[in-house]
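Remarks on the structure that follows.
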Amino acid sequence: MPNMQMEKTPIPEQKPEVRCHNFEEVTQGYTEEMAQNEAQRCLNCKNKPCVSGCPVGVHIPDFIAHVVKGEYEEAFQTIKLTNSLPAVCGRVCPQESQCESKCVRGIKGEPVGIGRLERFVADWHMQHGSDKADKVPSNGHKVAVIGAGPAGLTCAGDLAAKGYQVTVFEALHVAGGVLMYGIPQFRLPKEIVQKEISALKEKGVEINTDMVIGKVLEIDELFNMGYEAMFVGTGAGLPNFMNIPGEDLVGTYSANEFLTRVNLMKAYKPEYDTPILDVKRVAVVGGGNVAMDAARTALRLGAEEVHIVYRRAEEQMPARKEEVHHAKEEGVIFDFLTSPVQILGDENGCVSEIECVKMELGEPDASGRRRPVEIPDSKFKMSVDCVVMAIGNSPNPLIRSTTKGLEANRKGCIVVDEETMKTTREGVYAAGDAVSGAATVILAMGGGKAAAKSIDEYIQNK
Amino acid sequence: MFQIVEKRKLNDSMTLMAVNAPFIAKKAKAGQFIILRVDEFGERIPLTVADYDREAGTVTIIYQIVGKTTMKLDQLNVGDALLDFIGPLGQASELEGYKRAAVIGGGAGCAIAWPQAKALHQMGAKVDMIAGFRNKDIIILEDEMRADSDNLYLMTDDGSNGHKGFVTSALEENIENGADYDLVVAIGPLVMMRAVVGVTKPRNIKTIISMNPIMIDGTGMCGGCRLTVGGKTKFACVDGPDFDGFEVDFDEAIKRGRTYFDKERAAAREESCRLMEGAKNA
Ligand SMILES: Cc1cc2nc3c(=O)[nH]c(=O)nc-3n(C[C@H](O)[C@H](O)[C@H](O)COP(=O)(O)OP(=O)(O)OC[C@H]3O[C@@H](n4cnc5c(N)ncnc54)[C@H](O)[C@@H]3O)c2cc1C
Ligand SMILES: Cc1cc2nc3c(=O)[nH]c(=O)nc-3n(C[C@H](O)[C@H](O)[C@H](O)COP(=O)(O)OP(=O)(O)OC[C@H]3O[C@@H](n4cnc5c(N)ncnc54)[C@H](O)[C@@H]3O)c2cc1C
Ligand code: SF4
Ligand code: SF4
Ligand code: FES
Ligand SMILES: [Mg+2]
């Protein structure tokens, strides 16, 4: 008999007033008992609507059925068939708009907590399972992967599993991409990302950090070095600014810089050398996951008042629901329908105020969202000592500007055939944020997977 | 890991180091830089590629000890290794096609100016190297600069080497005496570069300066190194570090360079105390 409880089994969390002062993980994960209880809410639907909502097609009811039986390792292996980073996805996928949005239990009541179960299974495996992957015998072909974010890592993992000799080249000093430098510790512990990466290395994937492709080596040289095909998963790391006055003031950060200092460089730990300003009153501009992460990071650094300044309405915020909920609980103040016009500074060139204008929703725009329009004479100022711009990132031009024949569109996204991920350059494939613009972990992984399949076909048919 | 193969003290506060980094050595050009991290707790700091040896696979850096990271770096010796060494980053200097150049280095800036003088000289330009130091005891790279230029003008603020004056005085004097520079390269403290532009702009002599804002990734990902050049935002790590001296907003750059001033001073104090302790206990 399935468990007909209407709500998801609650997941233990650190109390908001405690967690907003530390970098420990907010959500602590299900116990076995909780996982069993939640798994029993799944009806094991024949037509598996949930699976159609998952970009990599995780066999959701099958893995949940294993959880019900207490077969956690089997559950893990089932997820692994299609998803190479379950501990990450269980934590950061926007489940409410993907798998869980299609769950029949969501029609009346809450959907099955698929993400929470996925996380439970992956964490269980990390503690109890073993990763002594049987290395597949080499097929003698070499492939280079550029960028060690979720797209590149997934592509590398899939190719290694087919016997390819894969070398990943990563510009930063650690692999993981946004998972390491962007998404904060309190949402995705870095130890978990590194464990997933160690598992890949076990499979024989070689990861070379500190290698900025386009600078130290170009794609043409990699071909000359014997790599037969290339995957480009360089992400969308170029921060956008609003181009309003005052963005050059001390105390104005791009979200990338703010988060990189804290996550990648661990500026929040006294034993690390990278500095970050002691900010007290912070305005974070934007309404996505990046903005939520920056705002909640600012709180944890000791800020007393943190505002999210977003020009549209709450319903239009692209952030994951859970993040918005957590941010509110922690005391982040949301200023909806508000748009900055300039940042003002003191005599030392440090941020002192942000001037904003109020907006109202007008006619729908091309994307179907009602467009915010300025309310006349609604300007007001807020006193702040830090402004974080979290208004989106674009693909970094480094690769496309150094690779002949690699076409990009007007927005700088690499042009690919959407099915095969083939670029305009023979033997070069691309996916993830570098192709789509800033999107999600799971879409990047899905793209990396599709590319691995095409690369295999390309090399086998050569 | 990147092994240190040579270490040479240039003066009390400046050191030259050659590091084994074959991939970078193969590609580096004058004007480019590397980013390094000393150890797991270290920050990422940019240093100019002062020289390279493509065959030996080494890259030379010259650093001035100014704060915690450069102090930590200076604790390492030949045989030790740096945890990270990344590059070559930034655009190579565009030095092609000039006939007569003045290359100006201010103090530690000489470490960055010297490779540019060398590159210009090798391309056939006649090069006047003008180097300025506070006093004669801290003069560095004299032989190297002399070898890679046609004339070397060594200036000291206090005149202790017999040539008192700022680099700008030497530059103005040369121009007045008929030096028809078609290029001036100026590298040093922001105030010095601003002063050089004060001399060259009214005379409309093309002036390249090398900017050194605070950097982290060095790949265009954080935007922390942004500058206003000709009214437009540029990222020094990918668009520079060389820029047209007439176009740079110096005031803004000076303010931004001081972002972490208090924290850096505190970190440096702590580090020097720690080193003193170590010395006492040794
Ligand atoms: C703060 C933040 C929070 C987010 N939160 C979520 C979330 O909750 N859920 C979700 O699904 N998505 C989230 N995202 C989006 C998600 O992280 C990205 O869509 C995803 O990481 C894209 O993967 P990728 O592999 O394409 O690129 P990235 O993760 O960006 O990785 C690209 C890698 O390539 C490297 N690289 C770049 N250029 C070069 C070069 N020339 N040579 C070598 N290496 C290079 C980079 O250093 C980087 O490591 C968030 C993003 C940010 C910034
Ligand atoms: C492209 C470029 C090339 C450079 N080349 C050289 C060189 O060849 N030789 C040399 O001696 N110095 C060079 N510098 C400056 C050098 O990076 C700094 O002196 C060094 O980072 C100081 O670190 P610290 O911790 O010892 O000192 P700190 O006390 O932390 O800093 C002293 C000052 O150095 C600057 N600085 C601090 N952190 C950074 C950072 N992450 N990035 C850039 N500047 C910073 C700030 O203005 C600061 O006030 C270069 C800088 C840039 C951007
Ligand atoms: S990978 Fe993401 S979308 Fe797919 S089942 Fe897991 S949580 Fe849902
Ligand atoms: S739709 Fe929901 S209830 Fe049905 S199989 Fe999927 S998770 Fe289970
Ligand atoms: S150092 Fe980060 S963009 Fe230049
Ligand atoms: Mg420092």
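Bear in mind these aren't lab numbers, they're just calculated from the coordinates by the rules spelled out. Keep in mind that this is a model prediction, so the values were computed, not measured. Because the Cβ atoms are built from the backbone with ideal geometry, glycine has one as well, and the counts that use them run over all protein chains shown.
Approximating the spin labels as points 7 Å out from Cα along Cα→Cβ, the B:R258-to-B:E173 distance works out to 3.2 nm. Let's test the formula: R0 of 30 Å, r as the Cβ-Cβ distance of A:K381 and A:E17. What FRET efficiency results, to the nearest 0.05? Approximately 0.55, to the nearest 0.05. Taking every residue in A:268-276 and counting other chain Cβ atoms within 10 Å of its Cβ, the average works out to 5. Across all directions, the average projected area of the convex hull around the alpha carbons of chain B is 15.2 nm². 3J(HN,Hα) along region B:78-84: 3, x, 6, 9, 8, 5, 9 Hz, from the Karplus curve 6.51 cos²θ - 1.76 cosθ + 1.60 with θ = phi - 60°, whole Hz, x for Gly and Pro. Here is how the number arises for chain B: DSSP H runs of 4 or more residues each give -39500 (n - 2.57), the sum is divided by the residue count, and the result at 222 nm is -9500 deg cm²/dmol.
Show me the helices of chain B, taken as full DSSP H stretches, that run 15 Å or more along their long axis by Cα and average -1.0 or above in Kyte-Doolittle hydropathy. What comes out of the filter, once short or polar helices are dropped, is B:109-122, B:190-203.
Of the Cα atoms belonging to region A:16-128, the radius of gyration and Dmax stand at 13.8, 46 Å.
Every Cα-Cα pair of region B:2-89 was included, and the share exceeding 22 Å stands at 15 percent. Averaging over all projection directions, the Cα-based convex hull of the protein assembly as shown occupies 35.9 nm² in the image plane. DSSP bridge analysis restricted to chain A gives an antiparallel fraction near 40%, rounded to the nearest 5. Ranked by how many other Cβ atoms sit within 10 Å of their own Cβ, fewest first, the residues B:D242, A:D248 fall in the order A:D248, B:D242. A DSSP coil position with no more than 12 other Cβ atoms inside 10 Å describes the following trypsin sites (Lys or Arg not before Pro) in region A:401-431: A:K404, A:R410, A:K411.
Dividing the Cα convex hull volume of region B:115-235 by residue count, how many Å³ per residue is that?
Taking only Cα atoms, region B:115-235 has a hull volume of 135 Å³ per residue.
Exposure proxy ranking for A:S383, A:S254, A:S352, based on other Cβ atoms within 10 angstrom of each Cβ and starting from the fewest, stands as A:S383, A:S352, A:S254.
Go through region A:106-158 and name the trypsin sites (Lys or Arg not before Pro) that are in a DSSP coil and have 14 or fewer other Cβ atoms within 10 Å of their Cβ.
Sites meeting the loop and neighbour criteria: A:K108, A:K132, A:K135.
Take the Cβ atoms of B:D143 and B:Q3, set R0 to 22 Å, and the FRET efficiency comes out at 0.25. Take each residue of peptide A:393-400, count the partner chain Cβ atoms within 10 Å of its Cβ, and average: the result is 2. Taking the fewest neighbouring Cβ atoms within 10 Å as the starting point, the ordered list for A:L249, B:L171 is A:L249, B:L171.
The alpha carbons of region A:1-77 stretch over 45, 29, 25 Å along the principal axes, in descending order.
Close amide H partners of A:R370, meaning residues 5 or more places away or on another chain with modelled amide H under 5 Å apart, are A:D365.
Measuring max minus min along each principal axis, the C-alpha atoms of region A:270-420 give extents of 50, 49, 36 Å (largest first). Close amide H pairs (under 5 Å, H built 1.01 Å from N) link B:I208 with B:V184, B:V185, B:A186, B:G245, residues at least 5 positions away or on another chain. For region B:48-185, the alpha carbon positions stretch 50, 36, 22 Å along the principal axes, listed from largest to smallest. Sites listed here are trypsin sites (Lys or Arg not before Pro) in region A:4-65 whose DSSP assignment is loop and whose Cβ has at most 11 other Cβ atoms within 10 Å: A:K46. Legend: distances between Cα atoms for A:K266/A:K381; B:K206/B:K255; A:K142/A:K269; A:K404/A:K449; pairs beyond 29 Å are A:K266/A:K381; A:K142/A:K269. Distant-in-sequence amide contacts of A:L238, defined by a placed amide H-H separation under 5 Å and a gap of 5 or more residues or a different chain, comprise A:S394, A:N396. Remark: mean inter-chain Cβ contacts per residue of B:37-44 equal 5, using a 10 Å Cβ-Cβ cutoff to other protein chain atoms.
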